[in-house]
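Reviewing the structure listed below.
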Amino acid sequence: TNPGFVVRITQSGLDYAHQQGIAILEKQLAQLKLPDISGDSRVMRVGKVHYELSRLRLRDFHLPYSRITPISNVGLQVSISNAFAELDGDWRVKFYFVRDHGSFDLKVENVYIKISLMLGSDTAGKPTISTSDCSTRISKVRVLFSGKFGWLYNLFHSAIESRFRKILEGKVCDLVAKSVHNELQTYLQTLPVTSRIDAKTGIDYSLVAPPTATAQSLDADLKGEFYSLAHRSTVPFSPLPLDFPSDHDRMVYFGASSYFFNTAGIAYHKAGALVFEITDATIPKEADFHLNTSIFSAFIPQLEEMYPNMPMKFRLSTPTAPFLTIGPEGISLRPIVDAQAYAILPDSSLAPLFVLSLVRNVSAVINVRSGHIVGSLDVGRIRLSLKDSAVGSFQVRTMQSLMNILTSSVLLPRLNARLDEGFPLPLLDRIQLSNILMRFHQNFLLLGADVQFQPQ
């Protein structure tokens, strides 16, 4: 299936994530625990030298040069070069009747590490990552002993350097695999594949397929679907293919399709959230009129006889979920709203008066704030038609201005207040967006941003 929402991480985004990951790996490598080493080195014409190295302490492990590369249809590759480390420890040696001990320094230079990362998704639709391959090559190891028998140490230092090289090459890849599993995989699990928006709706951001690497980016196809918490059901239409542009100016891009937004309309409609009531108490004071039968009797004279000077209530609802379109010029929709008018009788019961059908052109302004898509609606002139009447026929055209005021001053502010709260983007924990870019394309909205990671 086509995704309803697409996330693209560009090379600059991968580079930024790579910097954060290398800093963590560097700290963990500096905490490597190395075993004690002992052995015998047999030297020609001299004899057997027994040595012991203990209390090995890594002082630091530096990874000065590294890069991350997306490999098409494979995953990610991390290459580290010219890494180096320093450690120290205690030594003890026995050669015939000669015994000596002291401390030593060891320098590990020209370390090359290549890591292949495989991307996938679990049964919940969350991304997964694992080490598919790792190799470490150390070109140079130098041991510097302190002590008075310099000639003696030279007899066995090559054996020690060889053992150190072998131990470190194995332990580095073991630690890389452990770090990827414990740190990176755990962090990826913070992606909220389902986000509860409010008491009525949620968003499904689960992966519809494992993330895919291209030569220039890492792409993740998400379901991108709103749903009613009480009545989740199959959406009666499918996402259209997104012709994602090859923009690379930002670290990350989000493609929110028309499917994504239209499932929001379905979810809120099914949840009964697109029903609004207007009474005299909800009309702003600056509107300078009261919602009662007296004001409407100017358009419907029989109201004054049937329900003289009684308060009124309008119940606005959408007979079908609103449907929007996205094109290069922006977002537009033309919702149909039924306005059921009631007279409020002295015993607080309601007497149905008439039902108007309201059709209005609506445009939307979209923005991103605090990791949320926020918006506001702007409406054009309303078009009225009489759908049903319990008070006889009348000309609806004459109440055009009054209905414009009711919807613009009461209904629109309520909708915009909800849209201003926004809907969360699929972001990992402690990620903030900046330098936002927004463009409209056919059938989807493109959001670009740079990323900043907030350490704990």
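The values are calculated or read from the model by the stated rules, or taken from the named source; none is laboratory data. Just so we're clear, the structure is a prediction, and the values are computed from it rather than from any experiment. Cβ placement follows ideal geometry from the backbone for every residue including glycine, while neighbour counts extend to all protein chains displayed. Keep in mind that these areas ignore ligands, DNA and RNA; they rest on the heavy atoms of the full protein, side chains included. Shrake-Rupley method; radii C 1.70, N 1.55, O 1.52, S 1.80 Å.
Please state which one of ILE326, ILE436 is of a type in the set (A, V, I, L, M, F, W, C), loosely packed, with under 15 Cβ neighbours inside 10 Å and touching a residue at least 60 places away in the same chain (Cβ under 8 Å).
Answer to the selection: ILE436.
Given the condition modelled with pLDDT of 95 or more, touching a strand residue (DSSP E or B) at 6+ places or on another chain (Cβ under 7 Å), over 14 Å from VAL6 (Cβ atoms) and not β-branched (Val, Ile, Thr), answer yes or no: does some residue in the range 240-249 qualify?
Here is the first cut: in the range 240-249, the ones modelled with pLDDT of 95 or more are none.
No: zero hits.
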- Query: among the aromatic types (Phe, Trp, Tyr), modelled with pLDDT of 90 or more, more than 24 Å from the chain's Cα centre (by Cα) and open to solvent by less than 40 Å² (accessible area, probe 1.4 Å): does that describe PHE261?
  - Reply: no
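Listed here are the residues, each with its yes/no results for (1) polar (S, T, N, Q); (2) closer than 20 Å to GLN395 by Cβ; (3) open to solvent by 80 Å² or more (accessible area, probe 1.4 Å).
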{"residue": "SER294", "(1), (2), (3)": "yes, yes, no"}
{"residue": "LEU303", "(1), (2), (3)": "no, yes, no"}
{"residue": "ARG315", "(1), (2), (3)": "no, no, yes"}
{"residue": "THR320", "(1), (2), (3)": "yes, no, yes"}
{"residue": "ILE331", "(1), (2), (3)": "no, no, no"}
{"residue": "PRO346", "(1), (2), (3)": "no, no, yes"}
{"residue": "SER357", "(1), (2), (3)": "yes, yes, no"}
- Item | Extreme residue, most open to solvent (accessible area, probe 1.4 Å), among residues of the range 149-184 that are touching a Gly at 6+ places or on another chain (Cβ under 9 Å) and modelled with pLDDT under 90 | ARG163
- Given the range 1-116, what strands (runs of 3 or more DSSP E) lie entirely inside it while holding 2 or more residues that are of a type in the set (Phe, Trp, Tyr) and surrounded by 19 or more Cβ atoms within 10 Å (Cβ to Cβ)? 47-62, 75-95
- Among all residue pairs at least 6 apart or on different chains, which show Cβ distances below 8 Å where the first residue, located in the range 382-410, is under 15 Å from GLN340 (Cα atoms) and open to solvent by 40 Å² or more (accessible area, probe 1.4 Å) and the second is polar (S, T, N, Q) and not in a helix (DSSP H, G or I)? SER385/SER357; LEU386/SER357; LEU386/SER393; LYS387/SER357
